[in-house]
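The values are calculated or read from the model by the stated rules, or taken from the named source; none is laboratory data. As the structure is a computational prediction, the values presented were derived from the model and not from experiment. Methodologically, a virtual Cβ is constructed for each residue, glycine included, from the backbone with ideal geometry; neighbour enumeration extends over all protein chains shown.
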Amino acid sequence: MQDSYPDTLKPVAERELYGQLEEDVLEAIHQFEIRYSCVVKSALAGYRKADNGRVEYDFNCYFETFLNKRNAISQEPFSVMDWRTAGILASPTCRSHIVYPYTDDRHLVDAVGFYTASGLASDGAVVLIVTEAHRDAIKRYLKRDGNVEALEASGQLTFLDAAELTSTFMLDGMPDPVLFKTGIKTLIARVRRDERPGSNRQVRFFGEMVNLLWPTNSAAVERLEELWNEMVEEISVPIFHAYSVDGSGGEQLSESLINAHSHAIAW
């Protein structure tokens, strides 16, 4: 994980586990509000390494009790993202292609918000190709921790409309490779520019264009995922895609779509 946590949350061997733990968790909530809620368990994982496994059991029991108490008095649920998912979203490799088949819009917003905030915290640039409804929700998430307008003005954070961008490269119901790659390369070149001389930002993408095409045009989705994979290899930028699926057993992603990605996450 990135070293962006408050010092009070960094595992310290000399610290006594009990008594300090609840103070640390409450401090995390105070500093990061709901933005931090999805990764508290991951950030505190260092506490679980002591005492030959007994602390891990005690920690999990404590944490579940804490969550139950917190949820009983809060209007917003304190949802916990597992450590693997949090790690993938916080620090994706330069050629990561992540897919998230989601059933809950709130979890999607938290996941994208965390992915975005982690990129911004490392002075990277983030491009979010989203629907209007999700754009507004993600902006509300990010505003808890920073000046979204200033980030947009500097070019470090870019919001693009998913439907509008899709329309720029679709021909006869299929994505045109030349139009798609030209547009994405131009966009990356623009957002990589840093005001500091000789500096270029690391860039990460989140996109919902595939979700707009799926499942009504599966051939176009498959081709678009192939094109994104080619872009990942050519330009070395991480990509995060999300698909809205029916958790009750309805429409699910095909195995071929899942396999088109380097990482699949669930929450």
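Observations on the structure shown:
Here is a yes/no grid of residues against (1) crowded, with 16+ Cβ neighbours inside 10 Å; (2) touching a helix residue (DSSP H, G or I) at 6+ places or on another chain (Cβ under 8 Å); (3) not hydroxyl-bearing (Ser, Thr, Tyr):
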position	(1), (2), (3)
Ser154	no, no, no
Thr158	yes, yes, no
Leu179	no, no, yes
Val237	yes, yes, yes
Ala242	yes, yes, yes
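- For Leu128, the requirement of being hydrophobic (A, V, I, L, M, F, W, C), in the same structural domain as Ile98 (by TED's automatic domain parsing), in a strand (DSSP E or B) and within 18 Å of Ile98 (Cβ to Cβ) is met.
- Residue within the stretch 194-207 that is at pLDDT 95 or above and not in a strand (DSSP E or B) present: no
- Every residue from the stretch 108-133 that is among the acidic types (Asp, Glu) and more than 18 Å from Asp82 (Cβ to Cβ): Asp123, Glu132
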